[in-house]
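Asks: Structure incoming, see below.
The values are calculated or read from the model by the stated rules, or taken from the named source; none is laboratory data. Please read these numbers as outputs of a predicted model, since none were measured by experiment. Positions of Cβ are generated from backbone atoms using ideal geometry, with glycine treated the same way; all protein chains shown enter the neighbour counts. Accessible surface is based on the protein model in full, side chains and every heavy atom, while ligands, DNA and RNA are left aside. Shrake-Rupley method; radii C 1.70, N 1.55, O 1.52, S 1.80 Å.
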Amino acid sequence: MRRALNIILTIALTIGFVLLGVFVFRSSYIRLGYAFKDFGLSVAYYFCVMFNIRYNITPTVNFIPDVQTPQVTLPTDFNGFKNNTAQYFSLLISGDNFNAWLAHISLVMADFGKILVIILPCIAVLILIIRALYKRANNKHGKDTVLLRIFKGVSRVTYQPVKRFVMGYVAFIQEHSWIWISWVFIWILNFNLATIVIEFLAYYFYFAIEFDFSTIYTQFVKLFADLKTPFIYFPYWSLLFIIYPLFDRFRKRIATARLRHYEAKNCGFINELPIVSMTCGSMGKKKTTAITDMALSQEVMFRQKAFDILQKCDMKFPFFPWIMFEKALQAVIENGSVYNLATVKCWVISLEERGELFGYDGERYGLINDDGLKEEGIYSVLSTYAQAYFIYIIESSLIVSNYSIREDNLLIDSGNFPIWLTDFFPTNFRRDSRHVHILDFDILRLGKKVIENNPNAGSFEFGVIGITEIGKERGNNLELQEKKKNAEEANQKNDKFNSWLKMCRHSATVDNFPFIKVFADEQRPESWGADARDLCDIVNIISSGELKLAMPFYTIGDMLAEWVFNRFIGLYYDFRFRRGDNTLLVHILKSVTAWLWKRNIRIYNRYGYSVL
């Protein structure tokens, strides 16, 4: 039913736009015909002159057509334009004109004053009545007043159905983009905008041959006449719905560019850190926020680095059927025979033993790559490619942490080469979020395990590890005095976690790059034992800045939201203290305030940042 209504409305609007073009904007289409005539003659004149072809063509682009004559109000020659302009400014800047303007302003102010005299007492009386009504205390918990019930009833049968239909119709138009594109095209024709473009091209070809500057004024006159149609008929109130979204998009683009710049600076800082780093600072300095930010950025950089390795391997043997190799690797990953980097290497070794090259012509294209430093055989490159591809296509998170982290990266695959969407600042918010893996410390223990025969033991190979409050997990020398290395149960002295830290890069290295990073935080460095701490770079947060907004030109919106909220919240809780029912005025004021507040929060959540 709704789809049928959408189709009927679309047909009706389209017919209405066409009929407006026939009966109201008929001259625009006649003018478009003249424009095409000017364009055709100018193009023909251009080619005849350029290629020395005999012609009997007179370009008409410098003539004003009959259909345009009634719209021409400017002088037809430039000298007349100069004389009229001088006369206009002499009349504009004169004592009589200024006195007339003052007289007009005084009349307007007088009318405005009369309106104020009537309105202000009415407003004062209304405020007094509302205050008197709202000071009456009651305990009618959750009950609506009569006016609010009437308002909700009327809204239920008028506003809400109309809103749902309009929003559904907008979604329908967005789903079928050809509809609004057709409408835009019709109105481009109705408003003479197509004529302006065609006339510009016609004059362009004429001017390229004649190079006659004296004809520019004639084109200006024609342009001014063509613009009269949109100036007369255009609904200027609609500019609010056009200009504001464009302005909002403009400032959001600036904000996104700033945030991407800051993210690039963050990535540069992360790249300077060693494999293990420890972020320290007093309570409230956003230590965990910092390592979360770094972990999310590092995961994206790992994906990008794996993609970079894939590109370079591809160039080493540019004619190898890489997609066939990738599909074979995906098949063994899906059947479970390949599940980590070690098994990836074994799989490539099995290919080498069988001499499998997926139809690659080694005699023609070669089996050795010489990069000027070393020679690499094709199977060595395939092993590197397979490991990087394994890291790249894993759809689960590369982050393992002992606290919850959400990520919004999305892998899109149409059956060929998959692409990761890893932009932290997308235009449309991605809702396919996932959470990172829960850290089981047994996967990092080379010695005794907390859970005997833990199936997860030794499973971690590459990725990002985030550990908050690591000192409480690992302790320092003073805290571990009672722990014994030869104890039967696992403890910090016999689980060989520190040994894992020292050797973790070996299993995670692909093409000489370690795909592993450990981010930890604690209030003070000494909370973690010296043996492990000496592996780290200690990042001390001296101060945590307030939340700032990367989006410019939002000061007025921010001030308005804050002012409305602060003004309303005092009245609201005074009302809550006195009364337990729901009233129409509070319902309306709360709806407006909540809308402004939530919009402001969304802006800060999407475009806010803090400097540490």
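Asks: Relative contact order of the stretch 271-425, please, whole-number percent, based on alpha carbon pairs below 8 angstrom and at least 6 residues apart.
Replies: 26
Asks: Using the Kirkwood radius over Cα pairs, work out the Stokes-Einstein diffusion coefficient for the stretch 69-142 at 20 °C and 1.002 mPa s, in µm²/s as a whole number. Display every interim value, and only then the final one.
Replies: Details: Rh = 18.4 Å.
D, rounded to a whole number, is 117 µm²/s.
Asks: Using mean Cβ contacts within 10 Å as the protection proxy, how do 534-544, 299-309, 516-526 order, highest first?
Replies: Ranking, from highest mean packing down: 516-526, 299-309, 534-544.
Asks: Still on this structure: For the Cα atoms of the chain, what angle does the longest principal axis make with the long axis of helix 78-92, in degrees from 0 to 90, nearest 10?
Replies: Tilt of helix 78-92: around 90 degrees.
Asks: State to the nearest 20 debye the size of the charge dipole of the chain about its Cα centre, where the only charges are +1 on K and R beta carbons and -1 on D and E beta carbons. If you can, show how the numbers build up before the last one.
Replies: Working: 68 positive and 58 negative charges, 722 e Å.
I would put it at about 3460 debye.
Asks: Could you order peptides 602-611, 100-109 by the average number of other Cβ atoms within 10 Å of their residues, highest first? Please list the in-between numbers first.
Replies: Details: 602-611: 14.6, 100-109: 10.1.
Descending packing order for the listed peptides: 602-611, 100-109.
Asks: Output the pairs from Lys285/Lys502; Lys287/Lys517; Lys143/Lys590; Lys287/Lys493; Lys37/Lys222 with a Cα-Cα distance over 19 Å in this structure; if there are none, say none.
Replies: Lys285/Lys502; Lys287/Lys493
Asks: Cα to Cα, under 19 Å, and not fewer than 8 places away if on the same chain: which lysines meet these conditions relative to Lys374?
Replies: Lys312, Lys316
Asks: To continue, here is another question. With θ set to phi - 60° and the Karplus curve 6.51 cos²θ - 1.76 cosθ + 1.60, what are the ³J(HN,Hα) couplings of the stretch 456-465 in order, to the nearest whole Hz, using x for Gly and Pro?
Replies: Per residue, the Karplus-derived 3J(HN,Hα) values read 7, 4, x, 7, 6, 10, 8, x, 10, 10 Hz.
Asks: Using a cut-off of 20 Å between alpha-carbon atoms, which aspartates and glutamates can reach Lys448, once sequence neighbours fewer than 8 places away in the same chain are excluded?
Replies: Lys448 reaches Asp440, Glu461, Glu473, Glu479, Glu482, Glu488, Glu489, Asp495, Asp531.
Asks: With unit charges on the beta carbons (Lys and Arg positive, Asp and Glu negative) and the dipole taken about the Cα centre of the chain, which residue among Gly466, Ser182, Met167 sits farthest to the positive side?
Replies: Farthest towards the positive end: Met167.
Asks: Give the cross-link partners of Lys286 among the aspartates and glutamates, using a straight C-alpha distance below 13 Å as the criterion and excluding same-chain residues fewer than 8 apart.
Replies: Reachable aspartates and glutamates: Glu469, Asp521, Glu522, Glu546.
Asks: Taking only protein heavy atoms and a 1.4 Å probe, what accessible area per residue, in Å², does the chain have with all protein chains in place?
Replies: 62
Asks: Pick the calculated Rg/Rh (Cα atoms, Kirkwood Rh) for this structure from (i) 1.05; (ii) 1.10; (iii) 1.02?
Replies: Working out Rg/Rh (Cα atoms, Kirkwood Rh) from the coordinates points to (ii).
Asks: May I ask which residue of Leu329, Cys313, Tyr360 lies farthest towards the positive end of the charge dipole of the stretch 313-402, with charges of +1 (Lys, Arg) and -1 (Asp, Glu) on Cβ and the Cα centre as origin?
Replies: Leu329
Asks: Also, quick follow-up: Which whole-number percent gives the relative contact order of the stretch 1-134, counting Cα pairs below 8 Å spaced six or more residues apart?
Replies: It rounds to 14 percent for the stretch 1-134.
Asks: Helix 95-134: angle to the longest alpha-carbon principal axis of the chain, degrees 0 to 90, nearest 10?
Replies: With both axes taken from Cα atoms, the answer is about 50 degrees.
Asks: Still on this structure: Determine the calculated [θ] at 222 nm for the chain from helices alone, applying -39500 (n - 2.57) to every DSSP H run no shorter than 4 residues and normalising by the residue count; nearest 500 deg cm²/dmol. Don't skip to the end; give the middle numbers.
Replies: Details: 20 runs with 361 residues, N = 612.
Mean residue ellipticity, 222 nm, calculated: -20000 deg cm²/dmol.
Asks: Separate question: Any idea what angle helix 378-393 forms with the longest principal axis of the chain, computed on alpha-carbon atoms, 0 to 90 degrees, nearest 10?
Replies: With rounding to tens, the tilt is 60 degrees.
Asks: Using a 1.4 Å probe on the protein heavy atoms, what percent of the accessible area of the stretch 1-146 belongs to carbon and sulfur?
Replies: The C+S portion of the solvent-accessible surface of the stretch 1-146 is 70 percent.
Asks: Which whole-number percentage describes the relative contact order of the chain, with Cα contacts under 8 Å and a sequence gap of 6 or more?
Replies: Contact order relative to length: 19 percent.
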